[in-house]
1. Using the beta-carbon distance between L272 and A194 and R0 = 45 Å, what value does 1/(1 + (r/R0)^6) give for FRET efficiency, to the nearest 0.05?
2. Please give the FRET efficiency for A145 paired with R259, using the beta carbon to beta carbon distance and R0 = 41 Å, rounded to the nearest 0.05.
3. Out of residues 5 or more away from V153 or on other chains, whose amide H comes under 5 Å of its own, with H placed 1.01 Å from N in the peptide plane?
4. With the dipole of region 46-89 worked out from charges on the C-beta (+1 for Lys and Arg, -1 for Asp and Glu) around the Cα centre, which of A66, A88, Q49 lies farthest toward the positive end?
5. So if we plug the beta-carbon distance of S231 and R47 into 1/(1 + (r/R0)^6) with R0 = 30 Å, what FRET efficiency do we get, rounded to 0.05?
6. If one computes the Cα centroid of region 172-209 and of region 44-75, what distance in Å separates the two points?
7. Could you size up the charge dipole of region 145-257 around its Cα centre, putting +1 on the beta carbon of Lys and Arg and -1 on that of Asp and Glu, and report it in debye to the nearest 20?
8. Quick one: which of 231-243, 104-116 comes out on top by average Cβ neighbours within 10 Å, and what's the full order, highest first?
Amino acid sequence: MVSSSQPGRRTRAPCTLGAGADSGQCLAQEISGGWVGSQGPATRFHRVQMILGPTSGDLDDDAVAAAYPWPAEGPWVRAMMVTTLDGAAAGPDGTSDSISSSVDKAVFDAVRRFADAVVVGAGTIRAEGYGAMRAKPADVARRTAAGQAAAPVVVVVSGSLDLPWDSELFTASTERPIVVAGAGATAAARAAAAAHCDLVVAPDERVGPGFVVDTLVARGLRRIVCEGGPSLLERFVADGRLDEADITVSPAFAGLTERPGSARDVVRHFELAHVIHAEGFLMNRYLAPGSGR
Ligand SMILES: NC(=O)c1ccc[n+]([C@@H]2O[C@H](COP(=O)([O-])OP(=O)(O)OC[C@H]3O[C@@H](n4cnc5c(N)ncnc54)[C@H](OP(=O)(O)O)[C@@H]3O)[C@@H](O)[C@H]2O)c1
């Protein structure tokens, strides 16, 4: 499993899939910090069921992970987001943590566990405070045996390069983070950033998702999770660069601060592949039409 060790859905305390589930029908949720799966004894158990999809019924830890397969070859981009019933992406704390849950976080972890790269917008990094990106030892062994890096690489997309360079994300992640900057980033900001990450500057002021994907694939990073936020995800959808959308519906209203509406001319439809239920949360997996998976 993969960990980032601070509060927030993306920095949420990771959990061990497969450890502590006595009946094979529960997810073991571990609450404290550290890398995923290493936070001490499991403290809560939740029944997790696939209610629509290729299987049905209770899912053990490995079955949850298996419900989010990566294709054998080629680039694949999946988004991972949680939304409330009224479409909010964050709760009153200004992060996704207050609209998430332990089971949602467990599925979130399964989705990113064997990714090559985790792509995040700078606004989400600033709001949610990502911790270090690491993998638990058993997963390191499985990853390296499969030819992957020991942990996913965090990839931050930013125009300003105003990022928390002293955070654990940049100081303690297993793999050196990549930052993809817009062409408008100043020389001073680029120089400062280069001390903390592999800096890649896009040809345009707004970084194109295609540029991000091509950059990662050229480095052998083809299993890509986009963890938002909404602004970055919108660009991936608009440019047709999203293959899979893993969207949790939280059974809660958080209230919206802006008038809902659409900024796009075309509504893009995805196809429902499965629904996992736990504790009133629905973890929905959607695939882009024609993705063939
Ligand atoms: N519900 C969920 O699953 C979820 C997921 C993620 C985030 N969130 C929440 O969403 C909120 C943040 O939303 P957001 O839309 O502002 O997040 P975001 O997309 O992560 O951040 C926007 C910022 O990212 C950079 N950016 C994004 N796309 C870019 C592009 N194409 N080119 C260059 N820079 C780009 C820019 O950074 P610079 O300002 O540095 O130029 C931009 O200001 C927070 O409250 C967070 O907690 C929720």
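1. Working: r = 43 Å, r/R0 = 0.95.
That gives a FRET efficiency of 0.55.
2. Working: r = 51 Å, r/R0 = 1.24.
Once the sixth-power term is evaluated, E becomes 0.20.
3. So V153 has HN proximity to A117, V118.
4. Of the options given, the answer is A88.
5. Details: r = 35 Å, r/R0 = 1.18.
It comes to 0.25.
6. 35
7. Numbers: 8 positive and 14 negative charges, 45 e Å.
Using only the charged Cβ atoms, the result is roughly 220 debye.
8. On the way: 231-243: 18.4, 104-116: 25.2.
In decreasing order of mean packing, 231-243, 104-116 become 104-116, 231-243.
The numbers here are math on the coordinates, done by the rules we state, and not lab data. Bear in mind that the values here come from a model prediction, so they are computed numbers and not experimental data. A quick note on method: Cβ atoms are made from the backbone with ideal geometry, for glycine too, and the neighbour counts reach across all protein chains shown.
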